[in-house]
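Asks: Shown below is the structure under consideration.
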Amino acid sequence: ARSYLAAGERAMEEGQEKLVKGDLATAAERFRAARASFSHASGDAGSPLLLPLSWTPVLGRSGDVLESLAEAGVDIADSAIVVTDALRGVPGGLDGLAPRQGRFPLDAVGRLAPALREAAGMAEAGLRDIRGTAPTLLLPPVAEARRDAMSRVGRTHRLLRTAWLIADGLPALL
């Protein structure tokens with residue numbers, strides 16, 4: 001499961017880099033690859049072969065956390081896919097959201113609001129996955145990964161929620 005988690009994290013980072021550069025097609029492909037890796041990690045962590053380990057306090061809780069981290073990874077990758085696909089629908093992609101001739105493209109921003117709301121909900125589900133795990137009696141690397149994921153997924157949720165609220169409210173303000 002750990003190698004799939006690492007592969008998913010790398011693919012997410014690559015997708016973010018491509019997204020920032022405006023390469024939406026490659027970003028979407030990398031986010032889909034991340035989703036596949038996290039999905040494999042979730043399957044590995046929940047394997048029936050590991051069931052006997054789940055009965056031991058530290059190993060069992062650590063396995064539960066790894067499975068939740070993988071499920072949260074699927075949720076975050078799904079949120080990135082939803083946002084990237086919505087951006088691909090904007091004429092001009094990211095550039096289509098930039099002001100032109102002193103005017104802000106409010107229609108384009110407003111059309112992103114439903115996708116941003118959906119993505120924020122997915123990120124919130126990922127955060128709930130992680131928060132639902134025990135924070136104690138974990139192997140040290142798993143405890144550290146849990147803390148890191150709580151921080152990163154929480155930050156992603158806040159950013160997506162803020163973007164949704166802006167996209168939803170900005171057209172009415174201006």
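Asks: How many residues does the stretch 122-143 contain that are without any contact (Cβ under 8 Å) to a residue 40 or more places away in the chain and within 25 Å of Asp168 (Cβ to Cβ)?
Replies: 2
Asks: Is it true that some residue in the stretch 132-141 is closer than 22 Å to Ser42 by Cβ, surrounded by 14 or more Cβ atoms within 10 Å (Cβ to Cβ) and in contact with a Leu (Cβ under 9 Å, 6 or more places away or on another chain)?
Replies: Yes - at least one qualifying residue is present in the stretch 132-141.
Asks: Taking the stated definitions as given, is Glu124 farther than 23 Å from Asp23 by Cβ and crowded, with 17+ Cβ neighbours inside 10 Å?
Replies: yes
Asks: Output the residue which, of all residues in the stretch 63-98 that are hydrophobic (A, V, I, L, M, F, W, C) and not in a helix (DSSP H, G or I), is surrounded by the fewest Cβ atoms within 10 Å (Cβ to Cβ).
Replies: Quick first cut of the stretch 63-98, residues hydrophobic (A, V, I, L, M, F, W, C) only: 65-66, 69-70, 72, 74, 76-77, 80-83, 86-87, 90, 94, 97-98.
Of the ones still in play, those that are also not in a helix (DSSP H, G or I) are 90, 98.
Values: Val90: 18, Ala98: 10.
In this case the residue turns out to be Ala98.
Asks: Here is a further query. Give the residues of the stretch 152-174 that are open to solvent by less than 60 Å² (accessible area, probe 1.4 Å) and within 25 Å of Leu5 (Cβ to Cβ), sorted by residue number.
Replies: Step one: list which residues in the stretch 152-174 are open to solvent by less than 60 Å² (accessible area, probe 1.4 Å), which gives 153-154, 156-157, 160, 163-164, 167, 169-171.
Passing the criteria: Val153, Gly154, Thr156, His157, Leu160.
Asks: Follow-up. Part of a helix (DSSP H, G or I) and at pLDDT 55 or above: is that true of Val58 in this structure?
Replies: Answer is no for this residue.
Asks: Tell me, please, whether a residue that is loosely packed, with under 15 Cβ neighbours inside 10 Å and in a loop (DSSP other than H, G, I, E, B) can be found in the stretch 102-114.
Replies: Checking the stretch 102-114: at least one residue is loosely packed, with under 15 Cβ neighbours inside 10 Å and in a loop (DSSP other than H, G, I, E, B).
Asks: In the stretch 35-50, which residue that is aliphatic (A, V, I, L, M) and modelled with pLDDT under 50 is least open to solvent (accessible area, probe 1.4 Å)?
Replies: Of everything passing the filter in the stretch 35-50, Leu50 is least open to solvent (accessible area, probe 1.4 Å).
Asks: Quick check: anything in the stretch 88-102 within 30 Å of Ser42 (Cα to Cα) and in contact with a helix residue (DSSP H, G or I) (Cβ under 8 Å, 6 or more places away or on another chain)? Break it down stepwise before answering.
Replies: Kept after step one, since they are within 30 Å of Ser42 (Cα to Cα), are these residues of the stretch 88-102: 88.
This time we only want the ones that are in contact with a helix residue (DSSP H, G or I) (Cβ under 8 Å, 6 or more places away or on another chain), so: 88.
Looking through the stretch 88-102, at least one residue is within 30 Å of Ser42 (Cα to Cα) and in contact with a helix residue (DSSP H, G or I) (Cβ under 8 Å, 6 or more places away or on another chain).
Asks: Quick test for you: out of Ala134, Ala115, Ala98, Ala80, pick the one residue that is closer than 13 Å to Thr156 by Cβ and out of contact with any strand residue (DSSP E or B) (no Cβ under 6 Å at 6 or more places or on another chain).
Replies: So the residue among Ala134, Ala115, Ala98, Ala80 that is closer than 13 Å to Thr156 by Cβ and out of contact with any strand residue (DSSP E or B) (no Cβ under 6 Å at 6 or more places or on another chain) is Ala80.
The values are calculated or read from the model by the stated rules, or taken from the named source; none is laboratory data. Everything numeric here is computed off the predicted structure, so don't read it as measured data. A quick note on method: Cβ atoms are made from the backbone with ideal geometry, for glycine too, and the neighbour counts reach across all protein chains shown. When the accessible area is computed, the model is the full protein with side chains, heavy atoms only, and any ligands, DNA or RNA have been set aside. Shrake-Rupley method; radii C 1.70, N 1.55, O 1.52, S 1.80 Å.
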